[in-house]
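*Asks:* There's a structure below that I have some questions on.
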Amino acid sequence: TLALASARLGERTVKPRSYSVQLYSSFPAFAPYVRAGLGTPQQELALLVDTGSPLLWARSETESACWEAAYSPSASSSAEPLGHSAEFGYGSGVVRGPEYMDNVAFLPNAQGTALAVGRLEVLAARADQGLRCQAGLLGMDMASTSAKHIFEALGVDHILSILLDPVPYLPRGSLLEAGVMTLGGVDRAAYSGGLACVSMLPLENRVNASATDVNPQGVALNNTAWWQLELVGVRVGSVEFGPGQGIVDTGTSEMIVSPAVMAHFKPLLSGLSCLDVAAISSLPPVIFTLVGGLEVSVDPQQYLRPALEQAPTKDCLVMSSLPDAPSDDFFVLGDPFFWKYYVAFDYGNQQVGFGLKAGEQGMPLPQTCGFARAT
């Protein structure tokens with residue numbers, strides 16, 4: 001649903017402070033999606049909202065074993081070729097193809113109306129190797145090619161807030177309503193306590209992929225402006241693992257932890273039944289200490305999802321380590337983190353705000369973000 005808060009003053013219409021767009025998700029990918037319309041007439045597709053990527057791309061050709069192409073620039077009267085191509089290497093795949101400027105709108109569910117967000121750069125992906133037939137992706141990292149234009153088209157503050165809920169298993173990966181994306185502000189009803197802001201690391205202080213790191217397709221991994229922060233400390237229960245760095249990423253379906261943390265969990269998870277809710281609840285949380293002493297955590301209710309009898313797998317662990325991580329103390333606060341925390345990305349001040357989601361167990365956070373406003 002699009003929540004459009006508007007008011008009238010005489011004959012003058014006051015623009016909303018923010019806009020809320022329905023999010024969708026599926027099992028077991030868990031990432032947030034928006035339904036979008038590209039071009040004229042609109043070509044409808046689901047875009048993965050990825051705060052760990054800079055590009056807006058849509059698959060423009062039919063890949064082997066995938067369904068039909070999601071976006072055809074030749075079928076859009078508003079598509080303008082930009083005369084150049086681009087390539088982006090992800091950890092699991094690569095996209096490449098020509099770039100266009102075209103009209104983009106976010107589509108609502110049956111109860112709302114579409115929200116036009118202007119003309120954006122779209123990479124018409126002629127190759128999307130390793131990305132599992134993904135229809136398209138809306139990159140919203142700190143260097144996003146779309147974010148600034150979306151906020152300016154809407155006339156709102158440069159803030160993206162994500163309320164994301166886990167979804168149950170359904171056959172064929174069906175998309176279900178799973179939360180709300182707010183453009184221009186935050187929804188105070190979505191979290192309890194305050195919204196605590198943490199500054200992102202300067203680019204020169206970050207650990208990133210090296211020039212020699214390549215993905216399974218042999219393409220160099222792209223370094224981009226992740227929402228990357230300093231981890232002053234990490235502990236599992238009472239066991240300390242020292243400092244590190246982490247990124248806040250809606251495009252990662254799991255919690256990514258260091259190899260040392262995964263090794264610590266191995267005996268704790270040995271013989272555990274994913275159907276044993278009591279045993280899952282007894283496991284320790286993973287606690288992250290951020291700059292200023294702020295603590296956030298993920299509990300077993302987030303990093304282990306109790307298995308469902310009808311699901312094709314009984315593997316309920318949604319936490320792992322990456323063999324090709326930029327360092328041995330690198331973490332990704334992926335989608336399970338968002339099941340516990342409401343997260344606001346502040347582009348203007350290069351900071352991220354965290355709030356304990358309404359209804360979730362845990363310690364409410366202090367109010368330190370100056371931009372928090374109701375929708």
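*Asks:* Under a 1.4 angstrom probe, counting protein chains only, how are 331, 371 ranked by accessible area, largest first?
*Replies:* Largest to smallest exposure gives the sequence 371, 331.
*Asks:* Taking K and R as +1 and D and E as -1, what net charge do the other residues with C-beta under 9 Å from the C-beta of residue 122 add up to?
*Replies:* So the environment of residue 122 carries a net charge of -3.
*Asks:* Still on this model: Sorted by accessible area (1.4 Å probe), largest first, how do 203, 137, 317 line up?
*Replies:* 203, 317, 137
*Asks:* Accessible area of residue 61, 1.4 Å probe, to the nearest 10 Å²?
*Replies:* Using a 1.4 Å probe on the heavy atoms, I get roughly 80 Å².
*Asks:* Which net charge results for the neighbourhood of residue 102, defined as the other residues with beta-carbon distances under 12 angstrom from its beta-carbon, given Lys and Arg at +1 and Asp and Glu at -1?
*Replies:* -2
*Asks:* Let me ask something else. Provide the per residue accessible area, probe 1.4 Å, for the stretch 239-375, rounded to a whole number of square angstrom.
*Replies:* With the other protein chains kept in place, the stretch 239-375 gives 42 Å² per residue.
*Asks:* Follow-up. Roughly how much of residue 206 is accessible, in Å² to the nearest 10, using a 1.4 Å probe?
*Replies:* 30 Å²
*Asks:* Among 342, 90, what's the order by accessible area (1.4 angstrom probe), most exposed first?
*Replies:* 90, 342
*Asks:* Could you tally the net charge around residue 42, taking each other residue with its Cβ under 13 Å from the Cβ of residue 42, Lys/Arg +1 and Asp/Glu -1?
*Replies:* After counting each charged neighbour, the total is -1.
*Asks:* Here's another thing I want to ask about it. Take the alpha carbon gyration tensor of the stretch 257-303, find the square roots of its eigenvalues, order them as a ≥ b ≥ c, and report rounded if a/c is under 1.5; if not, report prolate when a/b exceeds b/c, else oblate.
*Replies:* In terms of gyration-tensor shape, oblate.
*Asks:* Heads up, I need the accessible area for residue 85: 1.4 angstrom probe, whole protein in place, Å², nearest 10.
*Replies:* Per-residue accessible area (residue 85): approximately 90 Å².
The values are calculated or read from the model by the stated rules, or taken from the named source; none is laboratory data. It should be emphasised that the depicted structure is a prediction, and the values quoted were computed from it without experimental measurement. Note: ideal-geometry Cβ built from the backbone for every residue, glycine included; neighbour counts use all protein chains shown. Ligands, DNA and RNA are excluded from the accessible area calculation, which covers all protein heavy atoms including side chains. Shrake-Rupley method; radii C 1.70, N 1.55, O 1.52, S 1.80 Å.
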